[in-house]
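To start, the structure itself, in structure tokens.
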Amino acid sequence: MINRRNFIAASAAAGTIAALTTPALAAPSAITANTVLRQRGSKPRIVIAGGGWGGLTAARYLRESAPDAEIIVLERNPVFWSCPMSNKWLVDIVPTDFIMHDLYKPAKKYGYEIIQTEVTAIERDAKRVRTSHGTLDYDYLIIAGGIRNAYDAWFGDDEEAISFTRKNFPSAYIPSAEHLSLKQKVQNFEGGTLVMTLPPPPHRCPPSPYERACIIAHHFKTKKIPAKILILDPKPRVMPINGGFTMAFEELYPDIIEHVPNAGVKELDPFNKRISTAAGDFDFDDAILMPPHQACDMVWYAALIAHKPEVGPGGWADIDPLMLHAKSDDSVYVIGDCMGAISPQFGHYPKSAHVANFMGRIVATYIGQRIAEKEVTPLLPDNLCYMMVNGEPKEAISVLFEYELTGEGVVHQTQIDIDVRTEDQYEEDFRWINRTFKDFLV
């Protein structure tokens, strides 16, 4: 079998990628492999690889901070799919059109172009992005592609096991058909043991895995389905917001949810539904198998993964913690979930939609200042996450992260847990997402 890194290198060497791209487009159907998207005069071109929370926010605010720039978003999915609120969608608390949105409506409103295509290579020396429909040059590149599921941490180069696991026990952490598959799994589950492996930190959240367990447990409880949810957690305890989730597990779902700490995966046999962990071996009837997370493939294509010589590749982008561009290339910015470590105090920013949205605004400001030849002043985000834990009454808990820059230039994090579940926090969750959708969608 060819491993992922060798495949990327082999593909580039073999020249298997299409050569040219597209003119200004009104819809993806206009793209052909023989058309060229040429740069318009002397205007700076900003290419955004990834049309999620961070990428679309960056495009929306770049139109304000760099009004004369050409702004192009490359996104492989035909629609915007929100991971926040997707846990609630699994059990029909919110409808599909709440988490799915038209990508072209905000592009039209804010005046940027969007092309539905797959990024296949990034040539930083030539400042060029290759896609499944061809190539385009850039002055500035923003990589905002989120995460990849690192199944190779479990299976190495065993593509059969990876494919079987993805198909039968989907993680549903990346906006895609996996969400539909997981929803069908939950809705059709008739009983037995449902195992949930949790990715080790840092990992994307939302969708919060603990919230997912609570919402599914409430569904099983309401439908009187004889089920047990076994949470295999690689961490020594529930975190963050240990108190709020632990109380929910013990008070609301004592006969359904069992949390197993220190249960990092050692060996997984998806074909025989058996898993070996540091906390013991377990059989299961069905599972939601969530592997470790790493930066999206586009960061690997760009050769911007942070390396730790003593342990090998770290899996996340090597970026300047304040300026957000690659340490080795200040024309390439990396934002959102694929960002690398920020601070020796806390490591990574939460890989959340809230942070991605904030980073989109910050990087738009930075690039606008650079184009205008102004001094770039460091900006910091905050983070706010709500997690639903009860379905009747509908209650949620939350966590707030605040950041400040110390005199030594180090980013410092303060975490505030709101452990007491309330209906007010559930309602505030909807106020937060509606406010944020309005910020960068329409």
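The values are calculated or read from the model by the stated rules, or taken from the named source; none is laboratory data. Keep in mind it's a predicted model, so treat the numbers as computed, not measured. Methodologically, a virtual Cβ is constructed for each residue, glycine included, from the backbone with ideal geometry; neighbour enumeration extends over all protein chains shown. Ligands, DNA and RNA are excluded from the accessible area calculation, which covers all protein heavy atoms including side chains. Shrake-Rupley method; radii C 1.70, N 1.55, O 1.52, S 1.80 Å.
How many residues does the stretch 324-349 hold that are open to solvent by less than 10 Å² (accessible area, probe 1.4 Å) and touching a helix residue (DSSP H, G or I) at 6+ places or on another chain (Cβ under 7 Å)?
Matching residues across the stretch 324-349 total 5.
State all residues of the stretch 374-383 that are touching a residue at least 12 places away in the same chain (Cβ under 8 Å) and either surrounded by fewer than 19 Cβ atoms within 10 Å (Cβ to Cβ) or basic (Lys, Arg) (or both); if no residue qualifies, say none.
Matches in the stretch 374-383: Val376, Pro378, Leu379, Leu380, Asp382.
Matching residues to (1) under 30 Å from Leu268 (Cα atoms); (2) open to solvent by 10 Å² or more (accessible area, probe 1.4 Å); (3) not aliphatic (A, V, I, L, M):
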site	(1), (2), (3)
Tyr104	no, yes, yes
Gly111	no, yes, yes
Thr120	no, yes, yes
Ala126	no, yes, no
Val129	no, no, no
Ala144	no, yes, no
Ala153	yes, yes, no
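Do you know which of the residues in the stretch 131-142 that are assigned to a strand (DSSP E or B) and in contact with a strand residue (DSSP E or B) (Cβ under 8 Å, 6 or more places away or on another chain) is surrounded by the fewest Cβ atoms within 10 Å (Cβ to Cβ)?
If we take residues in the stretch 131-142 being assigned to a strand (DSSP E or B) and in contact with a strand residue (DSSP E or B) (Cβ under 8 Å, 6 or more places away or on another chain), then Asp137 is surrounded by the fewest Cβ atoms within 10 Å (Cβ to Cβ).
Within the set of pairs 6 or more residues apart or between chains, which connect a residue that is under 17 Å from Asp320 (Cβ atoms) inside the stretch 353-373 to a residue that is β-branched (Val, Ile, Thr) and surrounded by fewer than 24 Cβ atoms within 10 Å (Cβ to Cβ) with Cβ atoms less than 8 Å apart?
Tyr366/Val376; Gln369/Val376; Gln369/Thr377; Arg370/Val376
Quick grid of which residues meet (1) part of a strand (DSSP E or B); (2) under 18 Å from Asp439 (Cβ atoms):
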| position | (1), (2) |
| --- | --- |
| Phe358 | no, yes |
| Ile362 | no, yes |
| Ile367 | no, no |
| Arg370 | no, no |
| Pro378 | no, no |
| Met388 | yes, no |
| Glu395 | yes, no |
| Glu404 | yes, no |
| Glu408 | no, no |
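Cβ-Cβ under 6 Å, sequence separation 6+ or interchain: first residue in the stretch 320-332 and over 18 Å from Pro344 (Cβ atoms), partner small (Gly, Ala, Ser). Which pairs?
Matching pairs, first to second residue: Val332/Ala326.
Looking only at the stretch 264-293, how many residues end up being hydrophobic (A, V, I, L, M, F, W, C), open to solvent by less than 30 Å² (accessible area, probe 1.4 Å), part of a loop (DSSP other than H, G, I, E, B) and over 26 Å from Ile418 (Cβ atoms)?
Residues flagged as hydrophobic (A, V, I, L, M, F, W, C), open to solvent by less than 30 Å² (accessible area, probe 1.4 Å), part of a loop (DSSP other than H, G, I, E, B) and over 26 Å from Ile418 (Cβ atoms) within the stretch 264-293 amount to 1.
Six or more apart or on different chains, Cβ under 9 Å: which pairs go from a residue in the stretch 416-442 that's within 18 Å of Gly55 (Cα to Cα) to one that's part of a strand (DSSP E or B)? Could you list them?
Ile433/Tyr386; Phe437/His101; Leu441/Phe80; Leu441/His101; Val442/His101
State all residues of the stretch 52-81 that are within 19 Å of Gly146 (Cα to Cα), part of a loop (DSSP other than H, G, I, E, B) and either more than 17 Å from the chain's Cα centre (by Cα) or not basic (Lys, Arg) (or both); if no residue qualifies, say none.
Passing the criteria: Gly52, Asn77, Pro78, Val79.
Just to be sure, is Pro84 open to solvent by 20 Å² or more (accessible area, probe 1.4 Å), part of a loop (DSSP other than H, G, I, E, B) and not hydroxyl-bearing (Ser, Thr, Tyr)?
Against the criterion (open to solvent by 20 Å² or more (accessible area, probe 1.4 Å), part of a loop (DSSP other than H, G, I, E, B) and not hydroxyl-bearing (Ser, Thr, Tyr)), Pro84 does not qualify.
Being of a type outside the set (Gly, Ala, Ser), out of contact with any strand residue (DSSP E or B) (no Cβ under 6 Å at 6 or more places or on another chain), at pLDDT 95 or above and open to solvent by 30 Å² or more (accessible area, probe 1.4 Å): is that true of Ile371 here?
yes
State all residues of the stretch 217-263 that are closer than 14 Å to Val420 by Cα and open to solvent by less than 10 Å² (accessible area, probe 1.4 Å); if no residue qualifies, say none.
Hits for the stretch 217-263 are Ile241, Gly244, Phe245, Ala248.
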